Structure formats: structure tokens, C-alpha cells
Amino acid sequence: MDIGTISLVLMLGLLVLLAIGMPLGLASAILAVLVLFMKFEPDTLFNPLLFGDGILTGRPGSGPLNILAQKIYGLLTDYVLISIPLFIFMAALLERSGIAKEMYSSLNVWLNRTRGGIAIVTSIMAVIMAAMSGIIGGEVVLLGLIALPQMLRLGYNQNLAIGTICASGSLGTMIPPSIVLIIYGLITETSIKALFTAAFVPGFMLASFFIIYIIVRTRLRPEDAPLPDPVPGEAVGREKGMLFGAFLSVLIAGFSTVLFLRALFFTVSGQNAAENGVEDIFWGTPGHVPWFAGLTIIAVLLCLFVFGRERTKTGWAMGKGLVPPIVVIGVVLGSIYGGITGITEAAGMGAFAVLVIAIFRGEASFELVWDSLMRTLKSTGTIIWVTIGAAALAGAYTIAGGPTYVANFILGQDLPTMSILLMMMLILLFMGAFMDWVGIVLLIIPVFLPIVQRLPIEEIGLIGELQPKYVAVWFGVLFCMNMQVSFLSPPFGPAAFYLKSVAPPHISLTDIFKGFLPFICIQLIALSVLLIWPPIVEVLLN
Amino acid sequence: AAAQTTNLRIQTHYAPETVSGQLAQQYIDDIVEMSNGEIQVEMFYSSSVVKSVETFDAAATGILDCDMTGGGYQTGKNPAFQFVADIMGGYDTPYQQLSWLYFGGGREAAAPLYNKYGMELIGWWVYGQESFASSKPIEKVADFKDWKFRSPPGMETKIFEKLGASPIVMDFTEIFTALETGIIDGADASGLANNVGLGLYDIVKFANFPGFHSMPSDHLACNKAVFDAMPAHHQKIMKVGMEALALRTALTFEKKNAEAAALLRTQGVTLSQWAPEELAKFRAAAQATWPEFATTPEAKALVDAHMSYLTQLGLVSN
Amino acid sequence: MKNKSGSFIEWLIPFCFILCAGWLIWHLPAFTLDWVPPDQSQADNLRGLHHRNDVTPGMSGPFGGEADWVDYLALLGLPIFLYIGIRTVRRAPMEFESWRPADRVSVFIGRVTMMMIILLTSVMLYEVLLRYVFEAPTLWANELSLWLAGFVFLCAGLYAMQQRSHIRIFLLYDICPRWMQRLFDTISTVLIVLFAFFLVYGGYGEALDKLWRWETFGTAFDPPIPATLKPTVLIIVSLVAIQAVVNLISDWNAEPVIHTAADDIDQDELEKIRAAVGAEGVGDLDVTRGSIQGNQTERN
Ligand code: NA
Ligand code: NA
């Protein structure tokens, strides 16, 4: 059978199997079998009696069918894939500890007198959580439990409250670490660290768009975000600034002490002795020791003599909920960017750090670990098995000559580069409305990326030119931004359902999706920025 | 009567735009033309069908027809593959190694090994000695002390542990991050020209050239049943074509590596050439490791074949 | 339910099971050599490998040969712990409420997998500690993680199948009448079984070869990842197919429900998260997500 027919049957088959509710991974897997039959033994499809005669079924225990097992095995031995259960484990521990709640209080205390303060706090908190974990779902639930009741009680506009929570809560896969980028990197063999680095600027850009929108909207329509009644005796204005300064000094003192001890350890153990041509340990040379010591002393002096003991104590009590998240971010991103571990081990370090913090907070128990493990197991099975099915299908389709055929077909149409890209965006957005991101990345990206890589690079984007080696990275970030929209887009935006499960009953799904509209527009603006100015992904890469 | 046709699905781990990928493509063009189109090939680059390590089994079980990666991926099957794929501390140049294959008893020793796993060895192509990429100078054996480097799995880890290094087994894809962040001091990736292509010397500035520690030979091996069913002239075309590929590869990389070396020197990369007495130390450590790794009769036979040929060449004296 | 999930015994038995299974796998070449020795060359290689890896070198066995007393003890322990495990596994509130014997097997394998996730994380942290603090990386941690993770990924899918948590699209499914849903489910199940059949049909040769020859990873630590993981792929996919059939039978009489993306967040999990964040004033929960399990509880 020719590959055009195979591709068509494959697409229709996928639609039918998904429509009847077959699990996505296993639907892909059985379609892989179908593709192999169409390629190697089409006759058997029409006459099952021929089973056992052709090159596919003629040799039991062997033959092209073995590609199914080989692809699955190949996927299972991919080291980066291990980061997925570890990131899920970390997020599960995080959700079940009180770290999020305290972080919320600590942020809120500084911004509660600002117009739209809780909404801004929600966004900032979502960004911090996004920098800790790499998945979505849990964040929306947490924000829905913590921030939604507060905003509704204060009389915030319901749409604003809902949109803020869900849009910000979805940032988990846009701001690194992100399992969307991990899976993308895995299947396209793109450096995952490069993807992470590239996603920072677009991720923070999207987050800042949200915050700007909240500020502008609440200034224009103050009734959307009423201010809470002042609490008698609460610090305001300059005094609050002083308290914040005191808190910051304690924070700086603490972290510079840790860095001081680290540099000291390297110096004493001689690990950082200067060698010709050897790159220095980041912030860990003997020269750094006095700097960190000095910084600690200055911060301590500030606390004692400028802000004063009492104020330092109060400021610390107000802000200390921010410390655990900063530590976790430091461990995960610090491990990756500080040269301690790769991405996989960093995920393990993150899980460990959250567990240790939970122990210090007195929340850790065997029950906590047990429940988190159970959640990890379930989510891992769900994600990995889509990957398994898609790997089998990709193998079968490749051997049938599929990706080459599709790429030639699309490039043969002689369309302008930007229209090809726009068409891809539309397809991704459309698929995103109905399908889970894992399925999209596994089924669509292997077909799309080779096409993008063959497009003339000078025609990609309108401002600036992308370096050829970063095309896959750019497309990965672009894809990730698309998936941000998919988390919100009706009818199946998962964020809506996560919020629905914790929202008061009078808020219907329609209400929730209505609240998303302005935020989806913001996401589309961010997506356009990536399309128009591709080198935005290179800001931190160079 | 119509001429008999042969259709082959071949996978290589090289990307089509790399030098090796283009050499492979030329081999395909050669055999198609020489057979007057009777041989047709569907070529899969960059291990797009199955992982590189799985290519051999994919060909053996009939998913593909031929494996155009290297025997080094199969040492878990039988350590003997180490001694047909990368005889570390053995030959100096591709020419010596190829002469062992064709005239030193190599083919006779390797054939039963491949046949045992349902495959037929068609030929080898060897791009030459590999060079390290390192963030520290590597001029002598003593520099290997506490040198953390990414080692490809296999015998190499054992040899370098003996020399005091800390080989770290990690995925090839993690090399770049690991070098950048200092998780490792160095990496064993490929030959000098290929390393330049990979961008390794954008990250670290030390290398050794000419290389000495590892000279992997890539192979073309086909499913035995498929090969046996081919008409004799197709078989001949495939095998003779590989001889041309082997020569072309060795010559191409001779030039590419020299060009790469000149380029790197202008870019401030330090290229160390090892002194003979240092090389001898490495060779001794490597050859002491061979017997440890040669645990099967096939492997022992291959080590013996190498030893006698190396002695003949004057690379080993006993 | 008398004992709740996560009790001491549910931690202990999976760990014992892993201990026995791990020991057995590490020493499997001993049994291969005693029971089904491969040809001379492979047998020599296998014997050499086994003698290098033998944790209890020189110990004698009850039947002579390579396998020693501890090996046979582990062999005996494996079914015993499996049996105890299946008997003592308890459904957690967040788990799906189908509880046939076949489900117990899947859930116990799930418990074992949970313990393996702990082992996996520990191995990884140990490697980081050794490499970063003591500058003495191991040669085995990387591959041991890889090996463990392979089992974790596979077994997690079996558990997810039992828990009905594989990703599906319910757009059309949910609006169809129940008889049509049954038809759809039957088609899906038949196709899953077919996939398992073709996977095994095409793959058993290579898997058995690798198991028999004890093909290793070809590294310094040299774990038998291909030898163990290749057959496991076939076994677990077959178990998934069996579980799919069990699910079809179990859910045959279930009432139709509307599925949403939030189905995988369980009410009990939500309660715990709620408690952790000390959420207040949310009002009564609107249970739009009511699920098959809810209906079954009512029926029972
Ligand atoms: Na994130
Ligand atoms: Na959507």
C-alpha cells in the first residue's frame, strides 16, 4: 500500500478510535499494528486466512512486528524520562504540605493594600510555584482552594478571579522546569536544558502580561477589585517598607551564609584550587569566601542597627513563608544551572528538598509519602503509556516512510513560510481544544518539526533572525505556548475542570470559560510575540 | 527474464547532513548505480526507526534488513563485539585496522560471531582515532588522575579507571549540559572534526590530537537470511562497495581532522600530542584490560588474532 | 474497611517482594545454568558473569549446581510474598472501587512500584551526594536508576489501567446511550487484546533470546537490562490486556457518567489538600464529576 493511503487510513483510524473513547496510548499502539500490516502484508487485512504467510506474520517471534516491543523498550531506557515521575512526586508532596498556604499569606501581607492585590499575589504565587514544579493541575487546585474564596469574599469580579487563577495556575509547564518541554526534548532529541533556558523569557513575559492586565483592569474598573477593610494596628506605607527591608536583610543574611559555607567547604577541601584553564566552580572559589562573609555581616548589621531587632522579628514573621519555596527553586534550578546535576537528578533533588521541608514543618508522615506515591504512580502511568503507544506508532509510521511523505507533501505546496507556521499554530490550537498535550506532542510534533526545520530560516518571524541551531528550541517553546492556550480553551480546557472541582457550586463551567476569555487573548498575544520575534528565545541562550 | 531485484531497509545513526552521513549516502548511490538499479535502498538516518543500540537486533529480526551503526553497541550481547568494533589501545591508524580485517584474519574471526546472531558482516568503515574534549589539559597519563569524564559504556570505563580517571556513564545527550556546568571535566564523543561539528569545543578548550584511545569501526551488517537470498552479484556489489567506502572514509577524515585541528588552533583550543612513552603507558593499561573483558570463546579468539597481528605490525613486542 | 491503606504491612510486604525479586533477578543466571544451559560459549560467559556478580560466592545449594540456598529461599519467598501482598493490599479512598481478585494483583504490583519509586529516588540522591560532595561518582547508579525506572514505567501503566486513568477522549462517548458505550468499550478491549497479541507474536523471539543469553547493557556495571526488561514489556502489556478485559466485565453494568479532565483528582485527595492548605469558606462541593465508582458504591 502506498504511504499516502496509509497516512489517510491512519488519520481516520485515529479519529474513530479516539471518538469511541479508546485510551489514547493503546489506540496509537493498535494503529501501529495496522500501519505495519498495510505496509508489509496488506493482503492479510482483506483475507485473514493469509495470516502466517507474509513477511510480517510468517515468522512468529520475529519480523517487522517486533518493532512494537523494540520501540517500547527503547523509550523505557531513556534516562531523561525518569524526571517525569520525580517531578510528579515532588509536586504531589508540595500539594500535600502547607508550603503553598504559607507562601500565599507571606505574599499577601505585603500587597493587601494594593488595588487588585490578591489577584497579583495569586499570579506571583503561581509563578513561584511554576518555577518549583513542572506540571499543571495541582497548582490550579491549590490556588482555587486558597485564593478563590478570598477574592470572592472581598467582592472581586468573578471572571477576573477565575481567569487569574486558571491562567496563572497553568504557567507550571511554561516556566521551567516543565514536563511539556521535557517530553518535547525527548522525542525531538533537543537539549532540554536549552529548552528550559529559552522558555524563561517567554514564560515570564506571559506572566507579566497577566499581571499588567490585572493592574490595568483594576485601575480602570476599581469595582472589580475592592480593597479589604484595613486591619487596626496593621503597618502601612513607610513602616511596611521598613519591615520588608528587614525581611529582605534576613533573607540575604541566610542565603549568603549558606553560600559562604559552601565556598569555605570547597576551599578547605581544596576542590576549588585554581587550575590552568579549568572553569571555576560557580560562586565557589576561595575569592568568593570573603565576599559572602562580608555580605552576611552587612545584612546582620542592617537588621540590628538600621531596622532594629523588633522590626526584624516582625518582618521575618510576615515574610518567612517565602523561604521554603525559594529554597526549593534554589535546589531544582540551582542544581541544573549550578553544575550539580542534570535535569533528571534535579527532579529527584527537588522531591527530596520538599520532603525535608515538610519534615521541618512537622507535616511529614508516612501517610503523606504514601498518598504522594500513589498519586505519582497514577499520573506516571497515565503519561508514560501515551508515550509508549506513540513511540510504537512513530516507529511503524517511520518505517512506512510517513514523516518524509508528509514533509514533502506540505513543502511541495509552495506556501509562504509564515502561512505554513500559522497553519500549524491553528492545527495545534484546534487539537489543543480537544486533546491532551501529551498526545499532541507525541503524534503531531514528529511530523511538524522536520517541516519547520526545512523552512528557509530567514523567512521565519518578522523581526530578527533565528540561529539555525535553535530552530527546534524555538519551535518547542512555541509549542509550549500553544499548550498554555489548550489548558484554558473550551470545551476541554483542563484548568476549568480542575477549578470546577474546588469552586463553590454556583460557579458553572460556562462561567469559568467566560472568565478565561481575556486571558486566552493575552496568551495569543504572547504566542504572536514568539512568532513575530523568534530570537526572543535566544536572549538567555547566548 | 526480468533481473532479480533486492530491496533493503538500512538504518544508520548518522544524520544525513554530517560528513559520515554523506559518505553513507554515497555508498548507497554507488551500490544502486553499480547494480543498474537492481538494488534499491530505503535509508533511515539519525536512527529514526529504532535507537542506535537496537539497530542490530532490528535487522536480525527483520524490522530492517541492514544495520549501518557499529558493533560496539552489541557488547552486552557478547563482549567479542568490543574486539571487532573498538580495539582500544590496539592499532594506530584506520589502515592498520582495516588490514587486520581483510588480511590479518579479521573477517574469518568476525564472520561466525555475526552469523551466530543471524547477521552477515558486509564490511567496515573507520573514521580514525577519536579525540577528547576537556576543560583541563590532557597531555599525559597523569592528567587522567581524578579526571571526571563521560565515557561511552563498555571496556573504556575499565581502562580509564585503571589510569585513575573517574569515568561517568551518562547519556550522550547529557554531555553538553554536563560539560557546560562542570558535572564532567571531559567527554569522549567522536573524532576531532566531528567534535567540532557537535560544538564541543565551543564549550571546552582542550583536546588531544592525533587521538589514540579509541578508534571505533562502523559496520554494515545485514540480516543473514536476506543476504543469502540475494543474487551473487548483488552480494559482491555490497561488499566491494564497502571496501570503497572504507578507503574513502579514512581519506576524508584524514583531511577533515587536519582542517579541524588547524581551525581549532586559531580559535585558541589547546591540542596536545602525546609522547610515545605516555602512549605506551596507555597501551599497556588497555591491553591488560582486554583479557578481563574477553570472557567468551569468540572474544578470546579475537584477542588472540589481534595480538598476533599487532606483534607482526610491531605495535606489540613480546 | 477495617485497615486503611498505607498501613505498615503495605509498606513491608512490597519491600520484601522487591528484595526477593531483586535477589532472584541478580542471580537468575544460576538458574539458567542449572535448568536450561545455553550453548558452551554462552554458558561459559554466563558462568563467568555469575561468579563475578554472586553476592554469596561459594555457598552450596540444595540441589548442587550454581543456585545456592539463598537463591532457592528467594525463589520460595517470591510467591509467598506475592500471595500475602495480594491478601493484605487495601484499597485507598482515592483508588477506583473495583475489587476483583485480578484487581488486587494489579494494585499490589502498584504498591511494589511505589516502593520502587522510593528506591529510584534514593539511588539518584546517593549518586549526587557521592559525586558532588565526595567527588567519587559510582559506575552503577545511573544504570540502576534506568533499570528500576523501566519497571516503574511499565507497572505504572498496569496500575493506571486498573484505575481507569489512561487518557481517553469522552467527547462523543459521553453523549452516546449506554448500549453504544458498551459496544465502544468492547471494541476498545478487543483491540487492546489484539495489540498485546501482535506485540507478543512479533517480539517473543528476541525477548526469550535475550533472557536466555542474559544480554547485558554492555557497561562496566553491566546490568542485564535487555535480558530483563524486554520480556517484562511483553508480560506487562499482556497483563494490561487482561486487566482491560476485567475492566470491561466489571464496568458492564455501571451507570453512564459524564467524564471531565478533573476526574483524576479524587475527592479524598482534595480533602487532604484542603486540610493541608487550611482552606476556608468554599461552600459545599459541587460534585459534577461523579464517577463510575460513586454509582457502584450506591449499588453495592
Ligand atoms: Na515549571
Ligand atoms: Na483545551
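The values are calculated or read from the model by the stated rules, or taken from the named source; none is laboratory data. Nothing here was measured: the structure is a model prediction, and the numbers come from that model. Cβ: placed from backbone, ideal geometry, glycine included. Neighbour counts: every protein chain shown. For accessibility, only protein heavy atoms count, side chains too; no ligands or nucleic acids. Shrake-Rupley method; radii C 1.70, N 1.55, O 1.52, S 1.80 Å.
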Please go through segment C:214-245 and pick out each residue that is open to solvent by less than 20 Å² (accessible area, probe 1.4 Å) and more than 17 Å from the chain's Cα centre (by Cα).
C:W214, C:E215, C:T216, C:G218, C:T219, C:P223, C:P224, C:P226, C:A227
Which pairs have Cβ atoms under 7 Å, sit 6 or more apart or on different chains, and link a residue in segment A:225-254 that is closer than 27 Å to A:I214 by Cβ to one that is open to solvent by 20 Å² or more (accessible area, probe 1.4 Å) and hydroxyl-bearing (S, T, Y)?
A:L243/A:T314
Just need a number here: residues in segment A:102-116 that are under 15 Å from A:I214 (Cβ atoms), at pLDDT below 85 and touching a helix residue (DSSP H, G or I) at 6+ places or on another chain (Cβ under 6 Å).
2
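Return yes when A:L111 is free of Cβ contacts under 8 Å to residues at least 40 places away in the same chain and either within 16 Å of ligand 2 (Cβ to nearest atom) or farther than 18 Å from A:V331 by Cβ (or both) and no when it is not.
On the way: free of Cβ contacts under 8 Å to residues at least 40 places away in the same chain: yes; either within 16 Å of ligand 2 (Cβ to nearest atom) or farther than 18 Å from A:V331 by Cβ (or both): yes.
Here the answer is yes, as A:L111 does meet what is asked.
So for segment A:419-437 (the condition being within 16 Å of ligand 1 (Cβ to nearest atom), open to solvent by less than 60 Å² (accessible area, probe 1.4 Å), within 17 Å of A:G476 (Cα to Cα) and touching a residue at least 12 places away in the same chain (Cβ under 8 Å)), does at least one residue qualify?
As a first pass, look at segment A:419-437 and keep what is within 16 Å of ligand 1 (Cβ to nearest atom): A:437.
Restricting the remaining residues to those that are open to solvent by less than 60 Å² (accessible area, probe 1.4 Å) gives A:437.
So of that shortlist, the ones also within 17 Å of A:G476 (Cα to Cα) come out as A:437.
The next check asks that each one be touching a residue at least 12 places away in the same chain (Cβ under 8 Å); those that pass are A:437.
Yes, segment A:419-437 contains at least one residue that is within 16 Å of ligand 1 (Cβ to nearest atom), open to solvent by less than 60 Å² (accessible area, probe 1.4 Å), within 17 Å of A:G476 (Cα to Cα) and touching a residue at least 12 places away in the same chain (Cβ under 8 Å).
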Looking only at residues that are surrounded by fewer than 24 Cβ atoms within 10 Å (Cβ to Cβ) and of a type in the set (S, T, Y) in segment B:34-72, which one is nearest to B:H213 (Cα to Cα)?
B:S52
Restricting attention to segment C:135-145, which residues are facing another protein chain (nearest Cβ under 9 Å), outside any loop (DSSP other than H, G, I, E, B) and open to solvent by 10 Å² or more (accessible area, probe 1.4 Å)?
C:N142
Being in contact with a Pro (Cβ under 8 Å, 6 or more places away or on another chain) and surrounded by 20 or more Cβ atoms within 10 Å (Cβ to Cβ) is the filter here; which residues of segment A:40-60 pass it?
A:F40, A:L56
Scanning segment C:215-258 for residues that are part of a loop (DSSP other than H, G, I, E, B) and charged (D, E, K, R), which turns out nearest to C:M161 (Cα to Cα)?
C:E255
Anything in segment B:154-190 that is within 12 Å of chain A (Cβ to nearest Cβ) and either in a loop (DSSP other than H, G, I, E, B) or modelled with pLDDT of 80 or more (or both)? List them, or say none.
B:V169, B:M170, B:D171, B:L179, B:G182, B:I183, B:I184, B:D185, B:G186
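Within segment B:238-250, is even one residue open to solvent by 10 Å² or more (accessible area, probe 1.4 Å), over 20 Å from B:Q97 (Cβ atoms) and touching a residue at least 12 places away in the same chain (Cβ under 8 Å)?
Applying the first criterion (open to solvent by 10 Å² or more (accessible area, probe 1.4 Å)) to segment B:238-250 yields B:239-240, B:243-244, B:247-248.
Imposing the further condition that a residue be over 20 Å from B:Q97 (Cβ atoms) reduces the set to none.
The answer is no; no qualifying residue exists.
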Go through (1) part of a helix (DSSP H, G or I); (2) open to solvent by less than 30 Å² (accessible area, probe 1.4 Å) for B:A280 and report which single condition fails.
(2)
Taking the condition within 16 Å of ligand 1 (Cβ to nearest atom) and within 30 Å of B:L64 (Cβ to Cβ), does A:I84 pass?
yes
Segment A:417-455: number of residues that are among the polar types (S, T, N, Q) and either closer than 13 Å to A:N482 by Cα or out of contact with any Pro (no Cβ under 7 Å at 6 or more places or on another chain) (or both):
2
In segment C:95-103, is there at least one residue being free of Cβ contacts under 8 Å to residues at least 12 places away in the same chain, under 25 Å from A:I388 (Cβ atoms) and open to solvent by less than 30 Å² (accessible area, probe 1.4 Å)?
no
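Do we have A:F430 as more than 13 Å from ligand 2 (Cβ to nearest atom), among the aromatic types (F, W, Y) and away from every other protein chain (no Cβ under 12 Å) here? Outline the logic, then answer.
Working: more than 13 Å from ligand 2 (Cβ to nearest atom): no; among the aromatic types (F, W, Y): yes; away from every other protein chain (no Cβ under 12 Å): yes.
Here the answer is no, as A:F430 does not meet what is asked.
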Would you pick out the residues in segment A:84-106 that are within 30 Å of C:V237 (Cα to Cα), facing chain C (nearest Cβ under 10 Å) and open to solvent by less than 10 Å² (accessible area, probe 1.4 Å)?
A:I84, A:P85, A:L86, A:I88, A:M90, A:A92
Can you tell me which of A:I336, A:I329, A:I343, A:I383 is facing chain C (nearest Cβ under 9 Å) and within 24 Å of A:V80 (Cα to Cα)?
A:I383
Quickly run through segment C:104-134 and pick out the residues that are more than 7 Å from every other protein chain (Cβ to nearest Cβ), open to solvent by less than 30 Å² (accessible area, probe 1.4 Å), within 18 Å of C:I13 (Cα to Cα) and of a type outside the set (A, V, I, L, M).
C:S106, C:F108, C:R111
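Condition first: more than 16 Å from ligand 1 (Cβ to nearest atom), open to solvent by less than 70 Å² (accessible area, probe 1.4 Å), at negative phi and not β-branched (V, I, T). Now tell me which residues in segment A:209-238 satisfy that.
At the first step, the residues of segment A:209-238 found to be more than 16 Å from ligand 1 (Cβ to nearest atom) are A:209, A:211-238.
Okay, now just the ones that are also open to solvent by less than 70 Å² (accessible area, probe 1.4 Å), so A:209, A:211, A:213-215, A:217-218, A:222, A:224-228, A:234-235, A:237.
Checking the rest, the ones that are also at negative phi come to A:209, A:211, A:213-215, A:217-218, A:222, A:224-228, A:234-235.
Residues satisfying the conditions are A:F209, A:Y213, A:R217, A:P222, A:D224, A:A225, A:P226, A:L227, A:P228, A:E234, A:A235.
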Criterion first (away from ligand 2 (no atom under 16 Å from the Cβ) and assigned to a helix (DSSP H, G or I)) does A:P149 satisfy it?
yes
Restricting segment A:61-76 to residues that are at pLDDT below 90 and open to solvent by 10 Å² or more (accessible area, probe 1.4 Å), the one farthest from A:L36 (Cα to Cα) turns out to be A:L75
Inspect segment B:116-125 for any residue being crowded, with 23+ Cβ neighbours inside 10 Å, among the acidic types (D, E), touching a helix residue (DSSP H, G or I) at 6+ places or on another chain (Cβ under 8 Å) and not in a helix (DSSP H, G or I) and give the result as yes or no.
no
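Mind telling me which of the residues A:T398, A:T376 ends up being at the interface with chain C (Cβ under 10 Å from one of its Cβ atoms) and more than 16 Å from ligand 1 (Cβ to nearest atom)? Don't jump to the end; show me each part of the working.
Numbers: A:T398 fails: at the interface with chain C (Cβ under 10 Å from one of its Cβ atoms).
Sole residue among the options that is at the interface with chain C (Cβ under 10 Å from one of its Cβ atoms) and more than 16 Å from ligand 1 (Cβ to nearest atom): A:T376.
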Give the residue, chosen from A:I187, A:I252, A:I215, A:I211, that is assigned to a helix (DSSP H, G or I), more than 16 Å from ligand 2 (Cβ to nearest atom), of a type in the set (A, V, I, L, M, F, W, C) and within 14 Å of chain B (Cβ to nearest Cβ).
A:I187
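In this structure, does A:T173 turn out to be more than 14 Å from chain C (Cβ to nearest Cβ), within 16 Å of ligand 2 (Cβ to nearest atom) and open to solvent by less than 10 Å² (accessible area, probe 1.4 Å)? Write out each step before concluding.
Values: more than 14 Å from chain C (Cβ to nearest Cβ): yes; within 16 Å of ligand 2 (Cβ to nearest atom): yes; open to solvent by less than 10 Å² (accessible area, probe 1.4 Å): yes.
Here the answer is yes, as A:T173 does meet what is asked.
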Could you list, ordered by first residue, the pairs with Cβ atoms under 7 Å in which the first is in segment C:179-202 and farther than 18 Å from A:L56 by Cα and more than 8 Å from chain A (Cβ to nearest Cβ) and the second is open to solvent by 30 Å² or more (accessible area, probe 1.4 Å) and outside any helix (DSSP H, G or I), at least 6 apart or interchain?
C:R182/C:W252
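Any residue that is among the β-branched types (V, I, T) and within 16 Å of ligand 1 (Cβ to nearest atom) - is there at least one of those in segment A:493-516? Spell out how you get there, then give the answer.
Kept after step one, since they are among the β-branched types (V, I, T), are these residues of segment A:493-516: A:502, A:507, A:510, A:512.
Next, only the ones that are within 16 Å of ligand 1 (Cβ to nearest atom) stay: none.
Looking through segment A:493-516, none of the residues is among the β-branched types (V, I, T) and within 16 Å of ligand 1 (Cβ to nearest atom).
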